[in-house]
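What follows is a single structure, written as structure tokens, with notes after it.
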Ligand code: 13P
């Protein structure tokens, strides 16, 4: 049985004070939620403070990026070992913004996934096609490449630690989410790849989140789909009310799923 995961990717937003205030509000409002795993991914500068804020609560933390070497002369980079040591559980890897603006490739994503697991972090590995790739009928090729190469050399026992986030690039920040049917079609496809690669049990246990314009108005329909195990939320996770709404509505849908 997969425990769904709703994560807020705050991207490059919020000062330390703003982050503390939002995290405190979420903690107060969501303390009774048990059937959804709640994760916040603030910027690096806020992570240390938020460890104290969420300590003892049902909220976990994740970083938005990492480097695969444990330490050394890599100015500006932060390793999985460092992220783990401050108390994070997750790390987002290979977000499409990092692939588009910071030169991330399937190879760097794969190195990061392996290093994260080695250091005890759970990777949230992002995959997904661009609009022109979807229009050219390449969605399944792209997603399959992202999944296969991202998990290259990752063993069955490690693969179950990975959360896959299907984030079609055309749905990110555009207000235009994939329809529940479009998302489910790709999630089902990803699970088939996992089944082929790792077998039935691991494939059934690996969580696949949807991301891209998730909001309170569309979360219920998305969460009702069989293979959608949560959401990676950008813009709507920056507002206290909307993230609370998203988590609470997910929790209700799950009780009926
Ligand atoms: P939006 O929810 O703002 O579309 O962003 C999605 C995303 O990129 C989460 O990682």
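Can residue 73 be described as away from the ligand (no atom under 16 Å from the Cβ), surrounded by fewer than 22 Cβ atoms within 10 Å (Cβ to Cβ) and at negative phi? If you could, list the steps in order and put the result at the bottom.
On the way: away from the ligand (no atom under 16 Å from the Cβ): yes; surrounded by fewer than 22 Cβ atoms within 10 Å (Cβ to Cβ): yes; at negative phi: yes.
Yes; evaluated as a whole, the condition is true for this residue.
Please determine, by comparing only the residues of the range 153-208 that are within 16 Å of the ligand (Cβ to nearest atom), touching a residue at least 60 places away in the same chain (Cβ under 8 Å) and outside any loop (DSSP other than H, G, I, E, B), which one is nearest to residue 131 (Cα to Cα).
169
Hey, could you check the range 223-248 for residues that are assigned to a helix (DSSP H, G or I) and surrounded by fewer than 21 Cβ atoms within 10 Å (Cβ to Cβ) and say which is farthest from the chain's Cα centre (by Cα)? Spell out the reasoning first.
Initially, the range 223-248 is screened for residues assigned to a helix (DSSP H, G or I), giving 223, 235-237, 240-248.
With the extra rule that they be surrounded by fewer than 21 Cβ atoms within 10 Å (Cβ to Cβ), the set shrinks to 235-236, 240-242, 244-245, 248.
Details: 235: 14, 236: 14, 240: 19, 241: 20, 242: 18, 244: 17, 245: 18, 248: 18 Å.
Filtering first and then ranking leaves 241.
For the range 215-240, how many residues meet the condition of being more than 24 Å from residue 160 (Cβ to Cβ) and within 15 Å of the ligand (Cβ to nearest atom)?
Total satisfying the criteria: 11.
Condition test on residue 147, is it more than 16 Å from the ligand (Cβ to nearest atom), in contact with a strand residue (DSSP E or B) (Cβ under 9 Å, 6 or more places away or on another chain), assigned to a helix (DSSP H, G or I) and under 26 Å from residue 219 (Cβ atoms)?
Values: more than 16 Å from the ligand (Cβ to nearest atom): yes; in contact with a strand residue (DSSP E or B) (Cβ under 9 Å, 6 or more places away or on another chain): yes; assigned to a helix (DSSP H, G or I): yes; under 26 Å from residue 219 (Cβ atoms): yes.
Against the criterion (more than 16 Å from the ligand (Cβ to nearest atom), in contact with a strand residue (DSSP E or B) (Cβ under 9 Å, 6 or more places away or on another chain), assigned to a helix (DSSP H, G or I) and under 26 Å from residue 219 (Cβ atoms)), residue 147 qualifies.
Within the range 209-222, which residues are touching a helix residue (DSSP H, G or I) at 6+ places or on another chain (Cβ under 7 Å) and in a loop (DSSP other than H, G, I, E, B)?
From the range 209-222, those touching a helix residue (DSSP H, G or I) at 6+ places or on another chain (Cβ under 7 Å) are 210, 212-216, 219-222; that's our starting set.
Those that are touching a helix residue (DSSP H, G or I) at 6+ places or on another chain (Cβ under 7 Å) and in a loop (DSSP other than H, G, I, E, B): 212, 213, 214, 215, 216.
Any residue at all in the range 92-106 that is over 27 Å from residue 220 (Cβ atoms), touching a strand residue (DSSP E or B) at 6+ places or on another chain (Cβ under 8 Å), in contact (Cβ under 8 Å) with a residue 40 or more places away in the chain and away from the ligand (no atom under 14 Å from the Cβ)?
Checked against the condition, which is being over 27 Å from residue 220 (Cβ atoms), touching a strand residue (DSSP E or B) at 6+ places or on another chain (Cβ under 8 Å), in contact (Cβ under 8 Å) with a residue 40 or more places away in the chain and away from the ligand (no atom under 14 Å from the Cβ), the range 92-106 yields no hits at all.
Going through 39, 109 one at a time, which residue ends up being in a helix (DSSP H, G or I) and either within 16 Å of the ligand (Cβ to nearest atom) or within 17 Å of residue 9 (Cα to Cα) (or both)? Reasoning before the result, please.
Working: 39 fails: in a helix (DSSP H, G or I).
Being in a helix (DSSP H, G or I) and either within 16 Å of the ligand (Cβ to nearest atom) or within 17 Å of residue 9 (Cα to Cα) (or both) holds for just one of 39, 109, which is 109.
Bear in mind that the values in this text are calculations on the coordinates, not laboratory data. Everything numeric here is computed off the predicted structure, so don't read it as measured data. So basically every Cβ, Gly included, is an ideal-geometry build from the backbone, and we count neighbours across all protein chains shown.
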